[in-house]
Amino acid sequence: MLRIAVPNKGSLSGPASAMLHEAGYRQRKESKELVVIDPDNEVEFFYLRPKDIAIYVASGKLDIGITGRDLLLDSGASAEEILPLNFGRSTFRYATRPGTANGPQDFGGMTIATSYEGIVAKHLADQGIDASVVHLDGAVETAIQLGVAQVIADVVETGTSLRNAGLEVIGEPILTSEAVVVRRHGASDDHPQVQQFLRRLQGVLVARSYVMMDYDCRAEHLEQAVALTPGLESPTVSPLHNEGWVAVRAMVPAKEAQRIMDDLYEIGARAILTTAIHACRL
């Protein structure tokens, strides 16, 4: 069986299980379940701490896993990203009290508190900055108030909690993260079960990003309509019973669907509708 690691808790857990369910895999029904066997798909899922997943995959005990890009890089494990999953997005940045520093170039001799010691230490080393890094498991914004550090490095979403602590974000982002599929460095690209797993997840990503659009238009306006809805290869065009009219079907990006519908209406298309795509293979 293919052995796959899945986050057992945290912000990645629910979306990861939802994506796997959409991809046709059996998932756990209770949070206490640590292992789920899906015999129909010949897959065994192991629910592990997100921070540990890259380490298990790198050891070769598990074939692939889903974790955060930040957790993969911070672990230092011999594992690599093979597919971004477009959820669990976050930005990792430095923050400090106003007037302390303008960016990493001013960190010399300072102490930086973070839960991601590996990422921060590498970032500082890559820029030739001589600063100390202290590891904290959480609530790093209090490290400055308590005098443990002059700077923190943490995941920043809206920045509200930092401002409430009297801190400001400085410098460019250290890292932009999201959920990713990882495998051991040097693992074969030809593993058929892994390739099938990746195709299924890619199908979910496409299904979430596109809708199917159907509409009717006059034959003389078809070229204009097709320019608006080119589809992936090309749209499907069928003649209607009323002479001079055709029916068109094409996949279009979901975020652009309303604008495309407006543009189609302007050139005379009618009966324009969209439907969700639940699964696909490209």
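Listed here are the residues, each with its yes/no results for (1) touching a strand residue (DSSP E or B) at 6+ places or on another chain (Cβ under 8 Å); (2) more than 19 Å from T275 (Cβ to Cβ); (3) at pLDDT 95 or above.
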residue	(1), (2), (3)
V211	yes, no, yes
D216	yes, no, yes
T229	yes, no, yes
P239	yes, yes, yes
N242	no, yes, no
W245	yes, yes, yes
E256	no, no, yes
Exercise for the section: Scan the stretch 183-195 for residues that are within 16 Å of V43 (Cβ to Cβ) and surrounded by 17 or more Cβ atoms within 10 Å (Cβ to Cβ) and jot them down. Expected result: R183, V194
Practice task
May I ask you to verify whether V237 is outside any helix (DSSP H, G or I) and out of contact with any Cys (no Cβ under 8 Å at 6 or more places or on another chain)?
Solution key: yes
Completion exercise
Of the residues in the stretch 125-148, those that are surrounded by 10 or more Cβ atoms within 10 Å (Cβ to Cβ), not in a loop (DSSP other than H, G, I, E, B) and not polar (S, T, N, Q) come to A125, V133, V134, H135, A143, I144
Completion exercise
Apart from one, (1) open to solvent by less than 70 Å² (accessible area, probe 1.4 Å); (2) over 30 Å from Y56 (Cα atoms); (3) of a type in the set (D, E, K, R) all hold for R249; the odd one out is (1)
Practice task
Within the stretch 165-178, count every residue that is in a strand (DSSP E or B) and open to solvent by less than 20 Å² (accessible area, probe 1.4 Å).
Solution key: 2
Practice task
Check the stretch 205-228 and report whether any residue there is part of a loop (DSSP other than H, G, I, E, B) and either in contact (Cβ under 8 Å) with a residue 12 or more places away in the chain or within 27 Å of L83 (Cβ to Cβ) (or both).
Solution key: no
Problem - Where L273 falls short, out of the listed (1) open to solvent by 30 Å² or more (accessible area, probe 1.4 Å); (2) touching a residue at least 24 places away in the same chain (Cβ under 8 Å); (3) part of a helix (DSSP H, G or I) - result: (3)
Handout entry: Out of L198, L162, L222, sole residue that is out of contact with any helix residue (DSSP H, G or I) (no Cβ under 9 Å at 6 or more places or on another chain), surrounded by 16 or more Cβ atoms within 10 Å (Cβ to Cβ) and under 18 Å from A101 (Cα atoms)
Key = L162
Problem - Given (1) part of a helix (DSSP H, G or I); (2) in contact with a helix residue (DSSP H, G or I) (Cβ under 6 Å, 6 or more places away or on another chain); (3) over 30 Å from I64 (Cα atoms), index of the condition Q258 fails - result: (2)
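The values are calculated or read from the model by the stated rules, or taken from the named source; none is laboratory data. Quantities reported herein were computed from a predicted structural model and do not represent experimental measurements. For neighbour counting, all protein chains shown are included, and Cβ atoms are generated from backbone atoms with ideal geometry for every residue, glycine included. We work out accessible area using only protein heavy atoms, side chains counted, and drop any ligands, DNA or RNA first. Shrake-Rupley method; radii C 1.70, N 1.55, O 1.52, S 1.80 Å.
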